[in-house]
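Structure first, then comments.
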There are 6 protein chains.
Amino acid sequence: MFSVCVRSHVMIAHSFRGELFGPAQKLHGATYVVDVEFRRSELGPEGVVVDIGRASKALEALLSELNFKNLDDETAFAGKNTTTEYLSAVVFERMRARIASGELGSGSDRLESLKVTLHESHVAWAAFEGRIAENG
Amino acid sequence: MFSVCVRSHVMIAHSFRGELFGPAQKLHGATYVVDVEFRRSELGPEGVVVDIGRASKALEALLSELNFKNLDDETAFAGKNTTTEYLSAVVFERMRARIASGELGSGSDRLESLKVTLHESHVAWAAFEGRIAENG
Amino acid sequence: MFSVCVRSHVMIAHSFRGELFGPAQKLHGATYVVDVEFRRSELGPEGVVVDIGRASKALEALLSELNFKNLDDETAFAGKNTTTEYLSAVVFERMRARIASGELGSGSDRLESLKVTLHESHVAWAAFEGRIAENG
Amino acid sequence: MFSVCVRSHVMIAHSFRGELFGPAQKLHGATYVVDVEFRRSELGPEGVVVDIGRASKALEALLSELNFKNLDDETAFAGKNTTTEYLSAVVFERMRARIASGELGSGSDRLESLKVTLHESHVAWAAFEGRIAENG
Amino acid sequence: MFSVCVRSHVMIAHSFRGELFGPAQKLHGATYVVDVEFRRSELGPEGVVVDIGRASKALEALLSELNFKNLDDETAFAGKNTTTEYLSAVVFERMRARIASGELGSGSDRLESLKVTLHESHVAWAAFEGRIAENG
Amino acid sequence: MFSVCVRSHVMIAHSFRGELFGPAQKLHGATYVVDVEFRRSELGPEGVVVDIGRASKALEALLSELNFKNLDDETAFAGKNTTTEYLSAVVFERMRARIASGELGSGSDRLESLKVTLHESHVAWAAFEGRIAENG
């Protein structure tokens, strides 16, 4: 299995509901360093898993929808705790949709799975990985 | 699959038996930077894989059993080479026992697998990963 | 010159005023990975720059004043942009005050300077360094 | 599953063919920080996945075949784009051959799979992972 | 003293002349992860050392002059070994010129010094630091 | 000012004397990731601060004197706490002696200062920096 991973970051505000979260129930924020790993069994004719330029642009576009926002105000997340693991799945789904739309270019329909990791500090991170349905 | 990972560290002394180990047969030591990754297919109602506060405390408690010790003197490791890979499995088993005891709180019975990575330097690390039996 | 550095982190929300900041004028947040470096020309009798246990506790206590807060609501920062560089100086001043109070224990009056670095992402960080007045 | 990983690096020149690559169609170069992860279900009698000394030497020997070269001039890569993902598979195959030759010593016939990761910068990396045929 | 640092990277080919360089006398290449640290004694009215957006853009523009090139073909470096330390000074001089041109915007005339670090691998890096003449 | 830095590591056992050290009074150990930074105002004719090959070999030789040892048994450290900051100065002095002996080759008499950093974990490190007397 081949994989290619690109890294970017996003800075957001949010708060959590539930005693579990202690002081994180108050409005605070995070930098998430975001890694998106694209996986495929065979390389395309150019020798790549995906066009890394298009993949990076797609990640920037995707993250710009979240960047510099208070996630508590986003209707997309109403009633949800925007935990690091939850946001990992959000980035996964949005990248999957961009792949399905053809935004990542020729050969991206051969991508099989994705892993999205969000690093919230030097001592904690979360991830979501799954198959891309059409190739599942 | 969702995952959450927490990082801590431990500083121990030990020696190895076997020509394979060359100069590491002498008493020396290591800092292990320890990553424990908790995995689960679905998030709980709060949107988390595990209560990261409890997970971190469990890891600190677990590592305090090893920290600042000469592992050559520990009866738990009698007759064993406490290699980085062996210790990864020790941390795995001890964390699994803490999960089984309920120490990680509500929902931790839904955890499915763990991966423990011990970084012994900037150029070498080892890991053990496996399922948590009850969910296997 | 000897130095010892300890690392921790803090997660906050805030917004900036000024066209310079573009989209960061909106409420957002950050994880700051915080390094505090303590410097001294000669080691004390135990062979240390400072009691690293006390230094780490002081850093945790200091950061807990900021952690999980919306800095826009803090009177201490009224009228200020809480930029990464500004917050570096805030941590510097608050650590200097804790040193002056004796909180870091015996020998900490021999500390000469501090450098505080706040990492806001994998691609940007800021720092403030300066002398501790009494030893200036 | 146990794993052990060793890290080294290699510095090469190359160019790519295909519009996809934009300015990277010109002769340029890269440092690849190379991680090779060796995996095995059970530890050997010494408590190791593989003799890490021999594994490191094998990696150095393998990388010295590529180091300080213009890959465009290597007959082994004629007609190929030596992308990061392609080179990950090259390192995988060459390490697999070294394992098969017995170069990694006693017990290395029990290795089951390998993962090779090449980091091309702080924001991009690629990997190839697969089973070692004899144990597949 | 305040500082702000931004990170980017560049991928080049080159060769060295001199027995000192051993196999690096052959055409090879490198990824340089480039950190540029901007320093200033007092913050400007917005609370920043420099407009980090403009600083990042200037760094990207500067590095694009070198990126994906064979430095052996650049007339700017004729007769020079483009070592990591030499290139650190090149980036320093070119960033200083961009600052002098006003490209970094209001307040950048208050910058006092720069430190440029080029990381060539996980085990080696080089740097050049110096004052900006007008503020020297 | 130019600088070049090389990284290696060493794994030792030791214990500390003094209540200050709490549980670290017991025999334990550490991995130190060791950075040695060589500094010089002007580059030599080849465009380097120091022959990085010789510098790396000197660092390996120096660290092999400490590696896989129980520092409590070393007469060189009798009556000393081998703290991270103390060991930083030890590495500094031993590297300075190797430079003075000519071991780093032509031009190394132009080196002006050194900074030695020992990373003991992902959250703590210590350093010693100073001038090389002959160039002081």
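Details
- C-alpha long axis of helix F:52-64 to longest principal axis of chain F, angle in °: 20 degrees
- Centroid-to-centroid separation of region D:43-87 and region F:99-129 [C-alpha atoms, Å]: 31 Å
- Averaged over D:12-22, number of beta-carbon atoms from partner chains that fall within 10 Å: 5
- Per-residue mean of C-beta atoms belonging to partner chains within 10 Å, peptide E:31-40: 3
- Only Lys, Arg, Asp and Glu carry charge here, each on its Cβ (+1 for the first two, -1 for the last two); on that basis chain D has a dipole of about 60 debye about its Cα centre.
- Carbon/sulfur fraction of accessible area - the protein assembly as shown, other protein chains in place, 1.4 Å, %: 49 percent
- Here the protein assembly as shown was treated as a single set of alpha-carbon atoms; its pair distances binned every 10 Å from 0 give 2, 12, 22, 28, 23, 10, 1 percent.
- With helices as the sole contributors, the protein assembly as shown gives -7000 deg cm²/dmol at 222 nm; each DSSP H run of n ≥ 4 counts as -39500 (n - 2.57), and the sum is divided by every residue.
- Within 10 Å of each Cβ in F:100-107, the average number of Cβ atoms from other chains: 0
- If you wrap the tightest convex hull around every Cα atom of region C:8-66 and split its volume per residue, you get 100 Å³.
- Legend: translational diffusion of region C:34-105 by Stokes-Einstein, Rh = Kirkwood radius over C-alpha pairs, 20 °C, 1.002 mPa s; D = 157 µm²/s.
- Heavy-atom accessible surface that D and E bury in contact, both chains counted, 1.4 Å, Å² to 100: 1800 Å²
- Rg and Dmax of chain D, based on Cα coordinates, read 15.7, 53 Å.
- By average C-beta atoms within 10 angstrom, highest first, the peptides B:64-72, F:16-24: B:64-72, F:16-24
- Per-selection Kirkwood Rh - region B:73-136 (Cα, Å, 1 d.p.): 13.0 Å
The values are calculated or read from the model by the stated rules, or taken from the named source; none is laboratory data. Bear in mind that the values here come from a model prediction, so they are computed numbers and not experimental data. Note that each Cβ is placed from the backbone with ideal geometry, even for glycine, and that neighbours are counted across all protein chains shown. Heavy atoms of the whole protein, side chains included, go into the accessibility calculation; ligands, DNA and RNA do not. Shrake-Rupley method; radii C 1.70, N 1.55, O 1.52, S 1.80 Å.
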